[in-house]
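Some notes on the structure that comes next.
The values are calculated or read from the model by the stated rules, or taken from the named source; none is laboratory data. From a predicted model like this one, the values you see are computed outputs, not experimental measurements. A quick note on method: Cβ atoms are made from the backbone with ideal geometry, for glycine too, and the neighbour counts reach across all protein chains shown. Heavy atoms of the whole protein, side chains included, go into the accessibility calculation; ligands, DNA and RNA do not. Shrake-Rupley method; radii C 1.70, N 1.55, O 1.52, S 1.80 Å.
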Amino acid sequence: MTTGIIVMDGDGTDHPAYRREHRKLKLATRNIVEDPWFIGSHASQPVQAADLLAYTAYQTLLRHPGKRFMWHWWPTLLPNAYGPHQI
């Protein structure tokens, strides 16, 4: 079984909602070992990288005209990466 920890950008002000939803998961099949940890992206380079990756995927799909310069980032910089896919 693989387990993990969720690290989220932010100060945790919305923590009760995430904690509540995490605790709703069945313990026998819950593979997240802890409630989410919150850290501001300004204090964590890995969180900054995750933010950039998520935003790049978002703009690849959304194709907002004002962010046209980003449209090619995912396929150019991550040619072997799976996704992003619209859901």
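Around the amide H of Met8, modelled in the peptide plane, lie the amide H atoms of Trp37, Phe38, Ile39, all under 5 Å away and 5 or more residues distant in sequence or on another chain. Using equal-weight Cα scatterers in the Debye expression, the normalised intensity of the chain in log10 at q = 0.12, 0.15 Å⁻¹ is -0.53, -0.77. Remark: spin-label model distance Thr13-Leu27 equals 3.4 nm, labels positioned 7 Å along the Cα→Cβ axis. Within the shell defined by Cβ-Cβ distances under 10 Å, the residues around Arg30 carry a net charge of +3, with Lys and Arg each +1 and Asp and Glu each -1.
With contacts taken as Cα pairs under 8 Å and at least 6 residues apart, region 1-52 reaches a relative contact order of 50 percent. For region 37-54, the Karplus equation 6.51 cos²θ - 1.76 cosθ + 1.60, evaluated at θ = phi - 60°, returns couplings of 9, 10, 8, x, 4, 5, 9, 8, 5, x, 5, 4, 5, 5, 4, 5, 5, 5 Hz by residue, with Gly and Pro reported as x.
Helix content alone sets the calculated 222 nm mean residue ellipticity of the chain: runs of n ≥ 4 DSSP H residues at -39500 (n - 2.57) each, divided across all residues, give -11500 deg cm²/dmol. Accessible surface calculations at 1.4 Å, restricted to protein heavy atoms, place the chain at 79 Å² per residue. Extension gain for Arg63 to Thr76 (0.36 nm times residue separation, less C-alpha to C-alpha distance): 3.2 nm. For the chain, carbon and sulfur atoms together expose 60% of the accessible surface, with a 1.4 angstrom probe and every protein chain in place. Compute the separation of the alpha-carbon centres of region 41-87 and region 15-32 and state it in Å as a whole number. Their Cα centres are 28 Å away from one another.
Compute the acute angle (0 to 90°) between the alpha-carbon long axis of helix 15-24 and the principal axis of greatest extent of the alpha-carbon atoms of the chain; round to the nearest 10°. The two axes meet at around 70 degrees.
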